[in-house]
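Notes to accompany the following structure.
The values are calculated or read from the model by the stated rules, or taken from the named source; none is laboratory data. All values derive from a computational prediction rather than experimental measurement. We place every Cβ from the backbone using ideal geometry, glycine too, and count neighbours over all the protein chains shown. When the accessible area is computed, the model is the full protein with side chains, heavy atoms only, and any ligands, DNA or RNA have been set aside. Shrake-Rupley method; radii C 1.70, N 1.55, O 1.52, S 1.80 Å.
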Amino acid sequence: MKVAQSWDDGVVDDLRLTDLLRRYGATATFNLNPGLYQSGRSFGWHYGDKEVWRLARDELTTVYAGFEIANHSLTHPNLADLSPMDLAREVGDSRRLLQDWFQQPVRGFCYPFGTFNPAVKEAIRATGHRYARTVAEYDWVFPPGDPLEFGVSCRFVDPAFWSRYEQAKASNGVFLFWGHSYELLDDAMWADLEHKIAGISADPAAEWVNLESLFAA
């Protein structure tokens, strides 16, 4: 079974997350919005009572060293609401920036808010992306019917996480979970995530993969 994880938005909590993943040799894809980073760390929004902060521009290559980077648009708008010109900028300029910053190909996309329409999909295809991740959940995620509507197995906090994992393993399939590191609100939640990452890494039937590798052929 191949196992992949996909994390959105590129926030300060990713420092702790990437450290955890490296300890267990786990790969991951991080979906970033290059138009939102500033020279220093910047306040993003509130998640309940928690302040969510974005990383500083100069931190990014160190924090995400060794991980796959995917495009999450330039500034995280609802892409379906944009004019053709703004849509091309949000999708194309973002990919070019990420490839320049990280000096690696960026072939994956993740829809902001999980929303898209035919025009959005065409813009993503036209700018050289091989897949686009949604938030739709499926029992069988790969291969998808349409690579630009690539669904997930579950969120990392799903109570059914392990049952979905075992279901994918029984069929020798792909298990893909996703989330945002800012959702980890306390040490108990971090410990639960570490238990999951450690358990997958110790499972001889599981192999961590980057999403892009699934579409390499």
### Task
Using a cut-off of 12 Å between beta-carbons, work out the net charge of the residues near W53 (Lys and Arg +1, Asp and Glu -1, W53 not included).
-2
### Message
With the crude spin-label approximation of a point 7 Å out along Cα→Cβ, what separation in nm comes out for D93 versus D139?
### Response
4.5
### Query
Once amide H atoms are placed 1.01 Å from N in the peptide plane, what residues at a sequence separation of 5 or more from R155, or on another chain, have their amide H within under 5 Å of its amide H?
W178
## Note on the structure
For A206, the net charge from surrounding residues (Cβ-Cβ under 15 Å; K, R +1; D, E -1) works out to +1
### Relative contact order %, the chain, counting alpha carbon pairs below 8 Å whose residues are six or more apart
27
### Query
Using a cut-off of 12 Å between alpha-carbon atoms, which aspartates and glutamates can reach K121, once sequence neighbours fewer than 8 places away in the same chain are excluded?
D146, E149
### Task
Per DSSP H run of at least 4 residues, take -39500 (n - 2.57); add these up for the chain, divide by its residues and hand me the 222 nm value, nearest 500 deg cm²/dmol.
-8500 deg cm²/dmol
## Note on the structure
For the chain, the per residue accessible area (1.4 Å probe, Å²) is 44
### Task
Summarise the accessible area of the chain (1.4 Å probe, protein heavy atoms) by the percent that is carbon and sulfur.
53
### Proximal aspartates and glutamates to K169, defined as alpha-carbon separation beneath 16 angstrom and excluding residues fewer than eight positions away on the same chain
D139, D203, E207
### Query
What shape does the chain take by its C-alpha gyration tensor, where a ≥ b ≥ c are the square roots of the eigenvalues and a/c under 1.5 counts as rounded, a/b above b/c as prolate, and the rest as oblate?
oblate
#### Entry: Residues of type lysines that K50 reaches as a straight line, Cα spacing below 29 Å, ignoring anything fewer than 8 places off in the same chain
K196
### Task
Mind jotting down the distance between the C-alpha centroids of segment 87-108 and segment 115-175, whole Å?
21
